[in-house]
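The structure appears right after this line, and notes come after that.
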Amino acid sequence: MKRHVALSFITAGLALLPLASSKAFETAQGVTATPISSLPAVISAPGNYYLTTDLTSAVPAGAAITITASQVYLDLNGRTLKDSVPTNFAFGILVFNQVDVTIQNGDVDGFYIGVFLSPNSTDVNAKNTADNLRLNGDGIGVFSLSGTSNWVKHCIIDGGDIGILFSQDSGSRAEDNILENQKASEEFGQGIALMSMGSLGVVFDNNVVEKGSNTLGMVQSGTDKYRFDSFVGFTRNSPHTGGTNELADSL
């Protein structure tokens, strides 16, 4: 008798699973969130957004998801955002001229640029965060252009040409990331995990870099700093150039 009662409860619970899963993100986060279930998508208002399923993009250029509002949380919800055409010049997620945007918790695969933090002529690109992402085979994993205090953390970046690129950034930081298998391609020609170009002072901190096709794993501008970064498989102990060891300066 007890077994039949238990089975009836299990059966009833299984019947409710589709309804429960549709609200799982909102329940876990304790917020009201807007689902994204098709591409291309544009987020034009502040708020919380999440992917309901894996999504595949085939746009030749532009972005699969464009964010044109500040104060946005985009949670990939453990899903995958993928470009199905390797020769496309498309972005996975474009944050265009915004402040306080967070992108987190999922995969972004096969795009020209996985996550692109970009200003327009007014140079607004600040306090944006890429957190706990898996970026696989993107030409550039995360690219911040003319940014201020942007943060890339807890990401695993596998393949592509450049893992994380800061260009003309000030106060931005890449921290606690794992980067591997970056190989020079025709488009970018670098094969480097961590790069800072023309920046006004960024920090690379506690990243793990496995050797790609370049003898260097990290390249920085003169005003940048680094500390605690680890390099695996290189022919020399410190395969980087530019920047200043922050740990040495702080002691």
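A quick yes/no check of all residues on (1) surrounded by fewer than 16 Cβ atoms within 10 Å (Cβ to Cβ); (2) at pLDDT 95 or above; (3) over 21 Å from the mean Cα position of the chain (by Cα):
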| position | (1), (2), (3) |
| --- | --- |
| 155 | no, yes, no |
| 196 | no, yes, no |
| 203 | no, yes, no |
| 210 | no, yes, no |
| 214 | no, yes, yes |
| 236 | yes, no, yes |
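The rows are residues; the columns are (1) modelled with pLDDT under 95; (2) assigned to a loop (DSSP other than H, G, I, E, B); (3) out of contact with any Ser or Thr (no Cβ under 7 Å at 6 or more places or on another chain).
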site: 20; (1), (2), (3): yes, no, yes
site: 59; (1), (2), (3): yes, yes, yes
site: 66; (1), (2), (3): no, no, yes
site: 78; (1), (2), (3): no, yes, yes
Strands (runs of 3 or more DSSP E) fully within region 171-234 counting 2 or more residues that are in contact (Cβ under 8 Å) with a residue 12 or more places away in the chain, of a type in the set (Gly, Ala, Ser) and under 17 Å from residue 161 (Cβ atoms): 192-197
Conditions (1) closer than 26 Å to residue 191 by Cβ; (2) over 10 Å from the mean Cα position of the chain (by Cα); (3) surrounded by fewer than 19 Cβ atoms within 10 Å (Cβ to Cβ); number of the one not met by residue 99: (1)
Test for residue 85: is it part of a strand (DSSP E or B) and either under 19 Å from residue 140 (Cα atoms) or among the aliphatic types (A, V, I, L, M) (or both): no
Test: residue in region 113-133 that is at pLDDT 95 or above, of a type in the set (Lys, Arg) and within 11 Å of the chain's Cα centre (by Cα): no
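The values are calculated or read from the model by the stated rules, or taken from the named source; none is laboratory data. Quantities reported herein were computed from a predicted structural model and do not represent experimental measurements. Methodologically, a virtual Cβ is constructed for each residue, glycine included, from the backbone with ideal geometry; neighbour enumeration extends over all protein chains shown.
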